[in-house]
Amino acid sequence: MAISREQIEKVSLLGRLLLSEEELDKMTGQLGRILGYVDLLAEVDTEQVEPMAHALDVSDVFRDDEVRPSLDREQALASAPNRDDECYLVPAVLGEL
Amino acid sequence: MSEPYTIIIGLEVHVQLDTRSKMFCGCSTAFGAPPNTQTCPVCIGMPGALPVMNRRAFELALKTAVALNCEIPRFTKWDRKNYYYPDLPKGYQISQFDLPLSQDGYLPISDPKGRFEPKRIGIIRAHLEEDAGKSMHDEAAGVADSRIDLNRCGTPLLEIVSQPDMRSPAEAKAYLTELKLLLNYLGVSDCNMQEGSLRVDANINLHIDTPEGTVATPIVEVKNMNSFRAVERALECEVRRQYELWQQTGQKLGDVPKQTRGWDEASQTTRPQRSKEESSDYRYFPEPDLVPVTTTEEQVERIRRSLGELPAALRSRLQESYGITPYDADVLVNQGRNLVDYYIELAEGCGDGKLASNWVQQDVLRTLGEQQIEIAEFPAPATALARLLDMVRAGKITTSRGREVLAEMITSGKSAEEVIKDMGIEQVDDSALQDLCRELIEASPKVVAQVKQGRQKAVGALIGQAKKKNPNVNPARVREICLELIGNGH
């Protein structure tokens with residue numbers, strides 16, 4: 001399955017990656033080769049095989065509904081590029097048109 | 001209802017489940033804590049942190065799904081929904097995509113006022129997902145940064161998606177009201193819209209009849225509605241807007257991308273918001289950090305048996321057992337299970353379901369409203385009120401005197417008997433009442449003449465006078481005696 005340059009552009013936009021023209025070309029080629037490699041799997045007959053939901057053959061792992069200590073706020077905010085006393089600060093997001 | 005279109009509405013409801021800790025970590029879900037004091041490496045997406053499913057969140061979700069008559073698949077799994085937003089630190093939301101924990105259910109709705117026929121609203125699916133954080137933007141500060149509070153990140157949400165089965169804003173409101181009531185009876189959520197425990201998004205369009213056949217208008221998703229009343233208004237507004245827009249532009253479903261609009265309470269209109277990304281843009285894929293969950297037939301049966309009596313069944317029972325109208329049963333049931341229990345105790349105690357219903361709806365509910373209290377805090381126990389109603393039923397005291405007695409019982413916390421004694425209310429015995437009536441009749445020949453001419457209403461003047469002379473008289477009995485005496489030629 002080949003991937004088009006338009007698809008790469010769309011995926012990079014969704015991933016918030018700003019790629020140069022050269023990088024877009026390079027990614028198109030590289031991702032195309034990866035997908036081609038994955039396509040090899042399509043040669044296996046999986047008609048009778050149930051889709052796998054998880055790599056581990058384990059299910060139903062739960063914890064009890066118990067509150068445990070949270071991070072101290074200073075710790076939580078420690079690596080934030082920008083912050084005030086209480087919150088992370090980010091450039092304003094314009095939710096409305 | 002002669003509009004040339006059919007309204008098509010589907011609703012997506014997000015309910016915060018009542019757990020102490022978050023869905024995948026032990027941080028508290030308590031509302032109102034100082035910003036960023038309830039987070040940990042799991043819920044703020046630190047590299048290497050691993051989520052573990054909260055058992056209670058899963059059980060509450062399952063319970064709700066069973067109550068919504070959903071199919072419960074034997075196997076369910078988690079998926080990542082990828083998008084970038086500052087209130088989503090991981091860059092993905094853990095949700096459920098192709099194998100949700102429940103699907104294909106329904107919720108019956110009806111309107112005791114008869115504005116629409118009883119019907120079933122289909123439930124496409126109900127699935128679990130985690131909440132995002134909160135961004136706050138200070139408008140006054142202009143272009144300043146947004147502040148992000150991640151306390152809410154990872155709080156368990158149940159997303160309940162309905163079929164587009166509602167045909168009017170009133171039906172949409174009825175569905176929401178019934179859903180909220182059900183969730184309350186199940187005890188799975190506090191459903192507080194102000195605190196964001198229950199959020200509603202609506203999808204709406206019109207199917208317009210034209211000479212060339214039916215035309216569908218573009219579907220619009222409406223958000224930002226903070227009450228059920230707002231949902232109803234926003235949908236009413238959207239119906240008018242879409243119909244007018246279609247008349248002007250002729251735009252049909254498919255001509256333009258799906259639009260998202262936000263309800264603006266101040267202007268009572270919907271306004272455009274950012275357009276919705278296509279579903280595939282979320283690039284869902286299985287969540288590798290969480291293992292699937294299986295559910296057995298026995299588990300579902302156990303949950304089904306534990307649901308208790310749900311609102312619809314309770315309404316029928318109240319009508320059948322206590323002879324009250326569907327409307328009255330609806331009012332009582334909508335007040336919640338505790339009030340219904342009070343009503344049942346009262347109805348059983350005084351032996352008159354209708355009388356009990358009247359007193360609960362008028363006197364009890366009014367007091368709860370005025371004093372902003374719950375039924376559990378109501379000062380007059382059902383057994384005490386039942387004894388008062390017994391006396392009212394037996395004609396020992398009048399309804400209006402009874403009201404005064406109840407008011408005093410509420411203030412003083414005393415029993416009906418004590419209050420009646422304190423207030424000097426005495427039962428007026430029948431022969432004294434006969435004497436009083438005879439006296440009044442003799443003093444009012446005009447009234448007697450009018451009554452004899454067939455104007456029975458004229459006797460009201462005598463009742464008024466009797467009450468003045470003795471506030472404890474039973475007006476119905478005075479009326480009876482007077483009419484009888486006048487009829488006998490006095």
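Going through B:TRP263, B:TRP246 one at a time, which residue ends up being out of contact with any helix residue (DSSP H, G or I) (no Cβ under 8 Å at 6 or more places or on another chain), crowded, with 19+ Cβ neighbours inside 10 Å and of a type in the set (A, V, I, L, M, F, W, C)? Outline the logic, then answer.
On the way: B:TRP263 fails: out of contact with any helix residue (DSSP H, G or I) (no Cβ under 8 Å at 6 or more places or on another chain).
Answer to the check: B:TRP246.
Those helices (runs of 4 or more DSSP H) of chain A in which 2 or more residues are in contact (Cβ under 8 Å) with a residue 24 or more places away in the chain occupy A:21-39.
Candidates are the residues of region A:44-77 that are more than 9 Å from chain B (Cβ to nearest Cβ) and at pLDDT 95 or above; the one that is surrounded by the most Cβ atoms within 10 Å (Cβ to Cβ) is A:GLN75.
Which of the strands (runs of 3 or more DSSP E) contained wholly in region B:206-270 include at least 3 residues that are within 23 Å of B:SER162 (Cβ to Cβ)?
Values: elements: B:213-216, B:220-223, B:259-264.
Because the criterion is at least 3 residues that are within 23 Å of B:SER162 (Cβ to Cβ), the strands (runs of 3 or more DSSP E) in region B:206-270 that meet it are B:220-223, B:259-264.
Anything in region B:80-129 that is out of contact with any Phe, Trp or Tyr (no Cβ under 6 Å at 6 or more places or on another chain), assigned to a strand (DSSP E or B) and within 14 Å of chain A (Cβ to nearest Cβ)? List them, or say none. Passing the criteria: B:TYR92, B:LEU128. When restricted to residues that are polar (S, T, N, Q), crowded, with 20+ Cβ neighbours inside 10 Å and closer than 30 Å to B:ASN334 by Cβ, region B:66-120 contains 1. Screening region B:430-479 for helices (runs of 4 or more DSSP H) wholly inside it with 3 or more residues that are touching a helix residue (DSSP H, G or I) at 6+ places or on another chain (Cβ under 7 Å) and farther than 26 Å from B:MET391 by Cβ returns the ranges B:445-452.
If I filter region B:151-167 for residues that are modelled with pLDDT of 95 or more, within 20 Å of B:ILE72 (Cα to Cα), out of contact with any Leu (no Cβ under 9 Å at 6 or more places or on another chain) and away from every other protein chain (no Cβ under 14 Å), do I get at least one hit? Yes, there is a match, as at least one residue in region B:151-167 is modelled with pLDDT of 95 or more, within 20 Å of B:ILE72 (Cα to Cα), out of contact with any Leu (no Cβ under 9 Å at 6 or more places or on another chain) and away from every other protein chain (no Cβ under 14 Å). Across region B:1-54, the number of residues qualifying as touching a Gly at 6+ places or on another chain (Cβ under 8 Å) and not in a loop (DSSP other than H, G, I, E, B) comes to 1. For the condition hydrophobic (A, V, I, L, M, F, W, C) and not assigned by TED's automatic domain parsing to the domain that holds B:ARG401, B:ILE303 qualifies.
The values are calculated or read from the model by the stated rules, or taken from the named source; none is laboratory data. A quick note: this is a predicted structure, and the numbers were derived from the prediction, not measured. Ideal geometry is used to build each Cβ from the backbone, glycine not excepted, and the neighbour counts take in all protein chains shown.
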